[in-house]
Every structure is written in structure tokens, then in C-alpha cells.
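Here is the structure we will look at, set down as C-alpha cells.
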Amino acid sequence: MNKLTEQISSIGVVPVIKLNNPERDAANLAKALCAGGIPAAEVTFRAAGADKAMATMLETCPDMLVGAGTVLTVEQVKQAHAAGAKFIVSPGFDAKIVEATLALDMLPLPGCTTATAIQMALAYDLEVLKFFPAAQSGGLSMIEALHAPFSMVKFMPTGGISLSNLAEFISSPAIVACGGTYMVKDALIEGGKWDEITDLCKKSVDIVKAARNG
């Protein structure tokens, strides 16, 4: 694994974030995540101003690992790069997005839930792939079934991850890290419940440590 992939693995959980009001919430959210021991964020383009949110989070906490999620166009890749993103996550595999990401020296994490998509990703020597939506695509059993013939790659599942099943996922050798929304739900962000977000992050970190050390 490269240095960035190792960093993602060491954190273990990557919050998947949709910020409806980045000017108001991005800085506070960055502080809350870092205080909880998860200095990482996948800021999705599902809400306007994602590039602004990424830039603000990095201004607030420069050591954070920030990337862009739900990237559907090459233009979004460029916007994320300009904002300081280090990785690009897309729900499916798009060769143009992967190529644009690599050209800008960022890490592409395309969504791959089939053998065909994985083989397409291997053509670009990718080591880590998004698995989305995890629950609806077969969950951990499907990931491990795909990992059997494709042991050279690992997965970052998102969709259906929670505190209740985080340990099960993160214990698998097929998993490099998990993406999650449970610690950054709209109600928590809109309500400014930063302490609750920090607490959920701390619980996640404890689960990851226990699973990996057990």
C-alpha cells in the first residue's frame, strides 16, 4: 500500500459527509472529528459547496486527511484537487475520473462491486476500491467472496456501516477501512451536536482498535 492508503488504513473509519451549510458547519465538524480521533473526511458532492467545505476543513485542521465523495465528473475532480483533497471517491468505476485523479497525483477510490469492475480497476494498478452500497450489494460475505480471486486489492465499504457491525467489517483482511455516515448524520450536524459526533468517533476508534488487536 502507498503512504496515503496506509494512512486511511491506520484511521480505520472515514466519515462520509454531506454539508448543506459548509460556511457554518465545516470548521466545527473538522474539530469534532479530530477531537474524536478520526482526522479524516470524505466530503460528498451531493451538496453544493463541497469544495468550499473541504478547503475550510483543511484550513481549520491542516493535518486532516480530506477527500471528495460522490465524484461523478472530471470537473469535480479538478474542484476537489483545488480545494486540497487527497483522494477521490466515486460510486462506480469511471475510467475518465480515475485517469484525471491519477494525473493530479490523488488517490482514486472507485466503486467496484463486481468482478468486471474490479478487473477494470486492476488495469490502473489500484490497490483499494470503494464497495458501495455495501449492505445492498451483499455486505461482508460478498466482499470476501470477491477478495478470494482478487486478493491483491482491499475494499472500503460504505452503506449500512454502523457501530453495531463495524467490528465485523474491520476485522476482515479484505477491508482496509470503512466509510460511514452514522457519526455525521444530518440531524447531528444541523443541530450543532459536535460533542455527540466526537463521542461517536471515539467509540468507533475503540471498536477498530479492539477488532484489530483481538
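Side notes on the structure shown:
- Checking each residue in the stretch 1-18 for being part of a strand (DSSP E or B) and either more than 18 Å from Lys203 (Cα to Cα) or of a type in the set (A, V, I, L, M, F, W, C) (or both) picks out Val13, Val14, Val16, Ile17.
- Matching residues in the stretch 19-34 - criterion: being more than 12 Å from Met183 (Cα to Cα) and either in contact (Cβ under 8 Å) with a residue 60 or more places away in the chain or not in a helix (DSSP H, G or I) (or both): Leu19, Asn20, Asn21, Asp25, Asn28, Lys31
- Condition check for Leu102: among the hydrophobic types (A, V, I, L, M, F, W, C), without any contact (Cβ under 8 Å) to a residue 24 or more places away in the chain and touching a strand residue (DSSP E or B) at 6+ places or on another chain (Cβ under 9 Å): yes
- Some residue of the stretch 119-137 being β-branched (Val, Ile, Thr), assigned to a helix (DSSP H, G or I) and either closer than 27 Å to Gly160 by Cα or touching a residue at least 40 places away in the same chain (Cβ under 8 Å) (or both): no
- Test: residue in the stretch 34-56 that is of a type in the set (Val, Ile, Thr), more than 17 Å from the chain's Cα centre (by Cα), modelled with pLDDT of 95 or more and at negative phi: yes
- Residue in the stretch 120-129 that is acidic (Asp, Glu), surrounded by 14 or more Cβ atoms within 10 Å (Cβ to Cβ) and under 18 Å from the mean Cα position of the chain (by Cα) present: yes
- Of all the numbered requirements in (1) touching a residue at least 12 places away in the same chain (Cβ under 8 Å); (2) in a helix (DSSP H, G or I), Ser141 misses one, and that requirement is (1).
- Which numbered condition Thr158 fails, given (1) buried (at least 19 other Cβ atoms within 10 Å of the Cβ); (2) closer than 24 Å to Ala32 by Cα; (3) free of Cβ contacts under 8 Å to residues at least 40 places away in the same chain: (3)
- Residue match in the stretch 62-79 (condition: buried (at least 18 other Cβ atoms within 10 Å of the Cβ), among the charged types (D, E, K, R) and either in contact with a helix residue (DSSP H, G or I) (Cβ under 8 Å, 6 or more places away or on another chain) or under 24 Å from Leu188 (Cβ atoms) (or both)): no
- Residue ID - farthest from Gln79 (Cα to Cα), chosen from residues in the stretch 93-119 that are crowded, with 19+ Cβ neighbours inside 10 Å and among the aliphatic types (A, V, I, L, M): Ile118
The values are calculated or read from the model by the stated rules, or taken from the named source; none is laboratory data. For clarity, every value in this text was computed on a predicted model and none was experimentally measured. Note: ideal-geometry Cβ built from the backbone for every residue, glycine included; neighbour counts use all protein chains shown.
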